[in-house]
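Each value in this text was obtained by applying a stated rule to the coordinates, not by laboratory testing. A quick note: this is a predicted structure, and the numbers were derived from the prediction, not measured. Cβ placement follows ideal geometry from the backbone for every residue including glycine, while neighbour counts extend to all protein chains displayed.
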Amino acid sequence: MSAARSYLIVTASYWGFTLTDGALRMLVLLYFFQLGYSPFTLAFLFVLYEAAGILANLAGGWLATRFGIPRMLAVGQLMQIAGLGMLSALDPAWPPAVAVAWVVAAQGVAGLAKDFTKTASKSAIKATSADGAGQLFRWVAWLTGSKNAMKGLGFFIGGALLELVGFRGALWLMAALIGVILAMGLLALPHELGKARASRTVRELFAKSRGVNLLAAARVFLFGARDVWFAVGLPVFLYVHGWSFAEVGGFLAAWTIAYGAIQAAAPRLVPRSEDGASREAGAARTWSLALAAIPLALAVALQLGAGPRPDLVVAVGLGLFGAAFAVNSSLHSYLILAYAGSEKAAEDVGFYYAANAGGRLMGTLLSGLLYQLWGMTGCLAGSAAMLGLCWLLTLLLPASAGGAAPTDRTAAPRTA
């Protein structure tokens, strides 16, 4: 099977999975807010979802290297079906403590599913890209951008399904979709894709290059800065300002789709370098500094009053944030593959996305806490502070690719 065909199959599988993942987040958030749960309790519902991602990315990278990428995709999809089935069994008559514990456990299963699937999908790019840094940047930008467009569509579908068929009906429909995707992937992908010698000790697993370590640390604060307003604060803020479930889901969908489109176009916005990293690392510094200014300006505007429609001010401002964040995210997603070694790229990618999950966990918890204490202003101020730390870390990024440089075609792992 050609590398391009394998890449397209993985991308299509990831699209379908991400559609259900976005819809699930919106379903849980809006359904339980409708039942009267506080912002911090809503954030707590996603704690195990995000925490499980840390373990899933570390283990998923090792397992994908040991057993191959297609098997890890299948494991992630099966776990997503299990998580959706658990949530569909929820009875609203259960005591609140029991309902919260059940949802947190089901979300933990969904978190493992998402990050097993993501690590396998992102690793497949390194395993199938054999034409140097140019193709690598284009392919990772397209996968990441198109995935986020599908996640945005999932937000809208989640809000719409909640109104049209209810919580349980929406979960059953999504489980059926994942079942179809699972069958297609098992039949179409070569079983040996991405297999290599996996690390044999924990020390070897965590022995990463300086570039991978610094980029992972920056990723913690980059995604924490997004989720500190995106995870709980913004949906609740819009809803209490009179937006309907469908309008909240529609806005988050439009934001994420536009963000994904800009991610896919990022290779045209960033000057390329012969070594595959020097100009790209410099661009990551510039874009992260520019990004930090946006939530800071919005926090100041809200503190000063923001006029009669603060919800519209925030919506427009976060549209600008999405554009700059998209380029940042795409640069980071490329640089991790540039810094990663070719032999065990899945392990490096898993380590990096474990840091990504840690940032989401921190951002989700702070989103509920800061919104409950200081409203949307607190969420935006927290976002600006995290982006300042992200920028400081990018100043230390190395100017050359690690492991096997992406321009070295002979070092690429074999594909089946």
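A few points about this structure:
- Mean Cβ count within 10 Å, highest first, over the residues of peptides 105-113, 317-325: 105-113, 317-325
- For GluC sites (Glu not before Pro), the sites in the stretch 239-342 that DSSP calls loop and that have at most 13 other Cβ atoms within 10 Å are Glu274.
- Percentage of interatomic Cα-Cα distances in the stretch 221-376 larger than 20 Å: 55 percent
- For Arg138, Arg5, the sequence from fewest to most other C-beta atoms within 10 Å is Arg5, Arg138.
- Distance from the stretch 304-322 to the stretch 17-65 (C-alpha centre basis), Å: 26 Å
- Anisotropy class of the stretch 254-333 from Cα gyration tensor, a/c 1.5 cut: oblate
- Extension gain, Ala290 to Arg168, is 39.7 nm, computed as 0.36 nm per intervening residue step minus the present C-alpha separation.
- At most 15 other Cβ within 10 Å, DSSP loop - trypsin sites (Lys or Arg not before Pro), the stretch 242-317: Arg272
- Burial ordering of Thr377, Thr394, fewest other beta-carbon atoms within 10 Å first: Thr377, Thr394
- Under the shape rule built on the C-alpha gyration tensor, where the axes satisfy a ≥ b ≥ c, the stretch 302-382 is oblate, since a/c reaches at least 1.5 while a/b does not exceed b/c.
- When each of Thr364, Thr20 is scored by the number of other beta-carbon atoms lying within 10 Å, the sequence from fewest to most is Thr364, Thr20.
- Cα gyration tensor, the stretch 44-99 - rounded (a/c under 1.5), prolate or oblate: oblate
- In the stretch 9-59 the Cα-Cα distances spread across 10 Å bins starting at 0 as 21, 40, 30, 8, 0 percent of all pairs.
- Taking amide H as placed 1.01 Å from N in the peptide plane, Ser273 has its amide H under 5 Å from the amide H of Arg279, Glu280, each at least 5 places away in sequence or on another chain.
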